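**Q** Here's a structure for you.
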Amino acid sequence: MEPAPSPDQAELPAMAEIADAAGLRSQVLRYRAAFELSAHGQALLDLTGRFLEVNASLCEILGYSQAQLLNRRFLDITHPDDQADGLQAAVDLRSGKLQRYRCEKRYLRPDGQTVWAQVTSHLARDADGQPLYFATVIEDITERKASELALREREALLSSMGKFVPGLIHKIGFDADGRARFLYISDRAMEMFELPHELMERDYHAHHARVHPDDQAYVKRLATAPKPGALLHPVDFEYRVILPSKGLRVYGGHAIPVTEEDGSVVWYGHTADVTDKKALLKARMAAQVAQDANLAKNEFLSRVSHELRTPLNAVIGFAQLLRLSSAGQLNAAQRQHVEHIESAGSHLLGIISDVLDLSRIEAGNLPLLAEPCQAAALLNEACHLVAPLARGSGIALRAPVITDHTPIHVDPMRLRQVLVNLLSNAIKYNRPQGQVTPRVWAEGDLVAIAIDDTGKGLSPEQQAHLFEPFNRLGAERTGVEGTGIGLVIVRKLLEAMQGRLEVRSQPDQGSSFIAWVPKASGASAGAEGTSAAAPAHLAARAASGNELRVLYAEDNDINAELVLEVLKLRPGCLVRVATSGAEALAMAREQAPDLFLLDMHLGDMSGFELTRQLQAEPALQGVPRVAFSADAMPDQIHRARDHGFSGYLTKPLDVAALLACVDEHTERVRNLRQAR
């Protein structure tokens with residue numbers, strides 16, 4: 001086989017041209033494929049900025065079809081705020097000032113949405129260096145810009161909050177070695193840790209120098225990088241720091257984990273000084289404990305009062321009944337024995353009342369209801385109450401000397417208690433055939449109520465120990481009954497009513513105890529309270545029909561028997577006894593009484609609970625209610641008044657007070673019947 005002939009030398013250039021053309025076509029096809037299939041948008045633009053060629057990716061990014069883009073210039077779809085930069089870049093490329101232009105800019109889609117793009121352009125030139133067209137690559141970065149914007153907004157929010165929010169706002173990340181670092185820290189670093197802001201930004205662990213030694217390990221654990229894939233939860237933390245200027249402080253805060261777009265975990269948190277907050281919380285807890293203790297003590301005192309007064313009710317009540325109902329039937333010795341029983345019971349009752357009052361005053365839970373009233377009226381009532389003691393002791397109780405009638409602002413019941421105590425002391429510790437002279441006058445914003453006596457007086461040494469509880473200054477050797485706490489209670493009661501107690505005394509020249517109380521502002525006040533029962537109430541009365549129907553709720557048989565015996569002095573009073581609240585309610589529904597006499601501690605319900613049920617009955621709503629209870633605590637009495645009780649009788653029973661109460665309501669019923 002013969003070899004093929006070699007081409008002529010003349011044919012070789014033509015063949016080379018054909019090969020070059022084929023290679024060029026192949027290269028063009030490759031570039032065309034790369035242009036069309038590129039994931040980024042690509043475009044060729046003429047020197048005026050009009051699109052010559054665009055690929056499918058650019059059409060997808062910008063939202064235009066190929067035909068729509070080829071009829072537009074790049075300025076037509078460029079955001080107005082970015083057009084000037086685009087025009088200047090084209091000028092700089094054509095002048096040779098720039099070889100390549102790279103920027104981030106915005107395009108407007110047909111639907112009005114904005115597209116952020118990373119744009120890279122260069123100017124193609126011919127062999128002579130003349131400009132031909134612009135070649136541009138456009139990468140869609142809209143999502144990245146949105147993330148960056150969100151991050152900037154979040155950082156701006158943190159920065160803004162850091163200026164106004166107390167404490168330290170921070171963002172903590174971890175480097176490749178797992179070491180914590182502040183990615184953001186608000187401007188209160190110096191205030192919180194007394195360290196420069198720049199130092200804490202640069203060195204996360206710098207503030208550990210301020211952490212209390214006992215909390216160092218805990219704080220270092222907080223700065224430990226989380227293990228990959230670990231399930232993270234928000235963290236509440238608290239630790240102590242020692243600052244050069246402020247000393248020991250307690251810091252606390254909250255941090256939440258956030259996974260960033262790059263997969264890294266950062267902690268956003270807030271640290272604040274909670275020292276004062278914890279102290280306040282501790283104080284509130286202590287106050288709540290104290291309040292609970294006071295409530296428990298108040299309940300205990302109420303129960304003690306009830307339990308101690310209940311047996312005394314029988315002792316004193318039946319002694320009074322014997323003395324009143326057996327006149328002429330007892331010989332002198334027997335009457336004296338009965339009087340001794342009544343006196344001893346009354347003395348024991350006074351001790352119980354004083355101890356309970358002192359305990360409540362010291363606990364700070366003694367209720368006071370201050371109101372305008374007349375000092376003269378209260379003083380007259382107190383004098384009336386101690387008159388029998390003065391007569392029995394042979395002491396002349398002079399009529400009060402009143403030089404001022406300015407109303408005062410006090411709790412009437414408590415001031416009456418003060419005056420009775422001072423008058424009783426003036427009588428008991430006086431000379432034989434001595435005198436007691438009450439006086440009232442005003443000075444400035446106060447009114448003085450003085451009790452002058454002609455007793456032995458007090459030395460300066462005795463006056464120094466006058467207000468020591470249970471210190472009777474030697475009086476315990478005289479046979480005069482007392483507890484040594486009466487004056488303590490008097491002074492504390494006056495101070496609680498914004499007043500004070502003054503003592504003026506010299507040995508062998510008598511004493512003057514002066515109760516200073518505040519004047520009332522505004523309108524004048526009348527006499528407050530009900531005077532002690534007059535002796536006329538103690539007399540038996542003849543029956544004139546069933547003048548008063550009384551329903552008495554009492555679960556103690558002895559107390560019920562005592563009341564029934566006392567009310568035999570009022571034959572016209574018909575009394576029915578209910579031994580429980582439920583029975584009282586049933587009996588009242590069966591026949592409405594004219595008066596409810598209610599024990600406040602029944603076996604199945606309290607007097608207040610029974611009152612609520614009685615008030616729910618239309619036929620019983622207008623029936624007056626009088627409490628009769630061994631619970632003589634003032635707050636219980638005030639509460640009864642607030643619940644509409646017309647009176648409050650305490651045990652041990654004051655026979656005269658009960659008869660006065662019955663007489664008063666009998667007169668009311670009689671007047672109502674006559675009006676009909």
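**Q** What is the residue count in segment 602-626 for residues that are closer than 20 Å to Leu548 by Cα and part of a loop (DSSP other than H, G, I, E, B)?
**A** Matching residues across segment 602-626 total 4.
**Q** Mind checking which pairs have a first residue in segment 412-437 that is more than 16 Å from Ile514 (Cα to Cα) and a second that is in a helix (DSSP H, G or I), Cβ under 8 Å, 6 or more apart or different chains?
**A** Pro412/Leu378; Met413/Pro634; Met413/Ile637; Lys428/Leu389; Lys428/Ser393; Tyr429/Ala475; Asn430/Ser393
**Q** Right, next: Can you tell me which residue within segment 234-245, out of those that are over 18 Å from Gln216 (Cβ atoms) and within 31 Å of the chain's Cα centre (by Cα), is surrounded by the most Cβ atoms within 10 Å (Cβ to Cβ)?
**A** Result: Pro234.
**Q** Using the structure shown, decide if Asp445 is among the acidic types (Asp, Glu), touching a residue at least 12 places away in the same chain (Cβ under 8 Å), closer than 19 Å to Ser521 by Cβ and in contact with a Lys or Arg (Cβ under 6 Å, 6 or more places away or on another chain).
**A** Spelling it out, Asp445 is indeed among the acidic types (Asp, Glu), touching a residue at least 12 places away in the same chain (Cβ under 8 Å), closer than 19 Å to Ser521 by Cβ and in contact with a Lys or Arg (Cβ under 6 Å, 6 or more places away or on another chain).
**Q** Among strands (runs of 3 or more DSSP E) lying entirely in segment 121-209, which contain 1 or more residues that are among the hydroxyl-bearing types (Ser, Thr, Tyr)?
**A** Result: 131-140, 180-185.
**Q** Collect the residues in segment 72-114 that are surrounded by 14 or more Cβ atoms within 10 Å (Cβ to Cβ) and among the basic types (Lys, Arg), keeping them in residue-number order.
**A** Arg72, Arg73, Arg94, Lys105, Arg106 - these are the residues of segment 72-114 that are surrounded by 14 or more Cβ atoms within 10 Å (Cβ to Cβ) and among the basic types (Lys, Arg).
**Q** Counting only residues that are over 15 Å from Asp276 (Cα atoms) and either in contact with a strand residue (DSSP E or B) (Cβ under 9 Å, 6 or more places away or on another chain) or hydrophobic (A, V, I, L, M, F, W, C) (or both), how many does segment 229-241 have?
**A** Residues of segment 229-241 that are over 15 Å from Asp276 (Cα atoms), as a first pass: 229-237.
Remaining after also requiring either in contact with a strand residue (DSSP E or B) (Cβ under 9 Å, 6 or more places away or on another chain) or hydrophobic (A, V, I, L, M, F, W, C) (or both): 230-237.
Within segment 229-241, residues that are over 15 Å from Asp276 (Cα atoms) and either in contact with a strand residue (DSSP E or B) (Cβ under 9 Å, 6 or more places away or on another chain) or hydrophobic (A, V, I, L, M, F, W, C) (or both) number 8.
**Q** Within segment 384-399, count every residue that is buried (at least 20 other Cβ atoms within 10 Å of the Cβ) and within 50 Å of the chain's Cα centre (by Cα).
**A** Qualifying residue count, segment 384-399: 1.
**Q** Determine, yes or no, whether Ser606 is more than 21 Å from Arg668 (Cβ to Cβ), polar (S, T, N, Q) and buried (at least 18 other Cβ atoms within 10 Å of the Cβ).
**A** Answer is no for this residue.
A quick yes/no check of all residues on (1) within 17 Å of Gly499 (Cα to Cα); (2) among the hydroxyl-bearing types (Ser, Thr, Tyr); (3) in contact with a Cys (Cβ under 8 Å, 6 or more places away or on another chain); (4) at pLDDT 90 or above:
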{"position": "Gly364", "(1), (2), (3), (4)": "yes, no, no, no"}
{"position": "His384", "(1), (2), (3), (4)": "no, no, no, no"}
{"position": "Pro388", "(1), (2), (3), (4)": "no, no, no, no"}
{"position": "Leu422", "(1), (2), (3), (4)": "yes, no, no, yes"}
{"position": "Ile427", "(1), (2), (3), (4)": "no, no, no, yes"}
{"position": "Val436", "(1), (2), (3), (4)": "no, no, no, yes"}
{"position": "Val440", "(1), (2), (3), (4)": "yes, no, no, yes"}
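**Q** Search segment 401-414 for residues being modelled with pLDDT under 90 and within 27 Å of Val488 (Cβ to Cβ), and hand back the single one that is nearest to the chain's Cα centre (by Cα).
**A** Step by step, filter segment 401-414, then rank; the result is Asp411.
**Q** Show the residue pairs that are 6+ apart or on different chains and have beta-carbon atoms under 8 Å apart, the first residue being within segment 388-408 and over 16 Å from Ala520 (Cβ atoms) and of a type in the set (S, T, N, Q), the second being assigned to a helix (DSSP H, G or I) and modelled with pLDDT of 90 or more.
**A** Cβ pairs passing all conditions: Ser393/Ile427.
**Q** From (1) within 30 Å of Leu368 (Cβ to Cβ); (2) under 46 Å from the mean Cα position of the chain (by Cα), pick out the condition that doesn't hold for Asp604.
**A** (1)
**Q** Also: For segment 574-601, give me the residue count where each residue is under 21 Å from Ala630 (Cα atoms) and more than 44 Å from the chain's Cα centre (by Cα).
**A** 3
**Q** Given the residues Leu199, Leu151, Leu123, which is the only one that is under 30 Å from Gln83 (Cβ atoms) and free of Cβ contacts under 8 Å to residues at least 24 places away in the same chain?
**A** Result: Leu151 is the single residue among Leu199, Leu151, Leu123 that is under 30 Å from Gln83 (Cβ atoms) and free of Cβ contacts under 8 Å to residues at least 24 places away in the same chain.
**Q** Then there's this: What are the pairs, 6+ residues apart or on separate chains, where a residue within segment 546-565 that is farther than 15 Å from Gln320 by Cα has its Cβ under 9 Å from a residue that is basic (Lys, Arg) and buried (at least 19 other Cβ atoms within 10 Å of the Cβ)?
**A** Matching pairs, first to second residue: Glu547/Arg570; Leu548/Arg570.
**Q** Can you find, within segment 30-55, the residue that is nearest to Pro110 (Cα to Cα) among those that are modelled with pLDDT of 90 or more and exposed (fewer than 15 other Cβ atoms within 10 Å of the Cβ)?
**A** Leu52
**Q** State which residue is nearest to Leu551 (Cα to Cα) when the search covers only segment 628-676 and only residues that are in a loop (DSSP other than H, G, I, E, B), under 37 Å from the mean Cα position of the chain (by Cα) and of a type outside the set (Gly, Ala, Ser).
**A** Looking only at segment 628-676, we keep the residues that are in a loop (DSSP other than H, G, I, E, B), and these are 630-633, 643-646, 651-654, 676.
In the following step, the residues that additionally are under 37 Å from the mean Cα position of the chain (by Cα) were identified as 630-633, 643-646.
Now drop any that are not of a type outside the set (Gly, Ala, Ser), which leaves 631, 633, 643, 645.
On the way: Asp631: 20, Met633: 24, His643: 19, Phe645: 15 Å.
Result: Phe645.
The values are calculated or read from the model by the stated rules, or taken from the named source; none is laboratory data. Quantities reported herein were computed from a predicted structural model and do not represent experimental measurements. Quick reminder, even Gly has a Cβ in these numbers, built from the backbone with ideal geometry, and neighbours come from all protein chains shown.
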